[in-house]
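A.B. asks: Sending over a structure as structure tokens; questions will come in a sec.
The values are calculated or read from the model by the stated rules, or taken from the named source; none is laboratory data. It should be emphasised that the depicted structure is a prediction, and the values quoted were computed from it without experimental measurement. Ideal geometry is used to build each Cβ from the backbone, glycine not excepted, and the neighbour counts take in all protein chains shown. In case anyone asks, the SASA skips ligands and DNA or RNA and just uses the protein heavy atoms, side chains included. Shrake-Rupley method; radii C 1.70, N 1.55, O 1.52, S 1.80 Å.
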Amino acid sequence: MKILVTFGLITLVFAGCTSVEYQQTQNERERLRAAYEDARLKNDRRSVKNTLDQNILGTWQFLDIEVLESDLSNEIESAAIALDKLSRKHLTIRFFEHNGIRFYEGNNVSIRVTGGFSIYVERIAEILYPELCMDRSSGIRPGAFLFSERLGGVFDGPPGMSNVLISVQDDQLYLTLGAGASLTPEGWAQSDGIRYSFKRIK
């Protein structure tokens, strides 16, 4: 009888250990599967495009300018940025959808612009480059409306909408002129150029 009781206890202890190990293995498997799925989505062009297509919709107020890398002297850079910020402190842009077509409309005091927009995601050497493309319907060129002609002329020539990288993080929109980006756990990170940031107001 003692042998049976002892054997039963050993069996229960062994079964308990096996159950704990099995659960740990299952948990690790689920964690790895979730990490793989997260990485796959971040590196999938369609997924990145669809996310940005939804996140960009709304009204954005100009917030700030940041020079990420520059050959300009600090004095020239600071003066140009101060002028650019001053001229854009009332700038807003709204991205919206109507009948399945995507549009933008922007205002900056007496300046009004309208047109259509789309987002493209390029993959170069396994790095994703989300780009904003805008087609003008009325008003000045989108590049001239959004970005400074002075700074645009310094950073790789006049602003062309094909090289504007886009990122939306929480309630902030970033539009970056210039080349050089790398993928980080939080998304792409620009290594040079000039970045305009906007805050969501609607």
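A.B. asks: Under a 5 Å amide H to amide H cut-off, with H placed in plane at 1.01 Å, what residues pair with Phe147 once short-range neighbours are removed?
C.D. replies: Residues meeting the amide H criterion: none.
A.B. asks: Probe radius 1.4 Å, ligands and nucleic acids left out: which of Ser138, Ser197, Ser110 has the largest accessible area, and how do the rest follow? Intermediate values should be presented prior to the final figure.
C.D. replies: Values: Ser138 45, Ser197 10, Ser110 110 Å².
So, going from the largest accessible area down, we get Ser110, Ser138, Ser197.
A.B. asks: Starting from the Cα of Ala34, step 7 Å along the direction of its Cβ; do the same at Lys89; then give the gap between the two resulting points in nm.
C.D. replies: 4.6
A.B. asks: Once you place label points 7 Å from the Cα toward the Cβ at Asp135 and Asp44, how far apart are they in nm?
C.D. replies: Placing both labels 7 Å beyond Cα along the Cβ direction yields 2.8 nm.
A.B. asks: Here is a follow-up. Over the stretch 82-145, how many percent of alpha carbon pairs lie in each 10 Å bin up to the one with the longest distance?
C.D. replies: Percent of pairs per bin, in order: 19, 41, 28, 11, 0.
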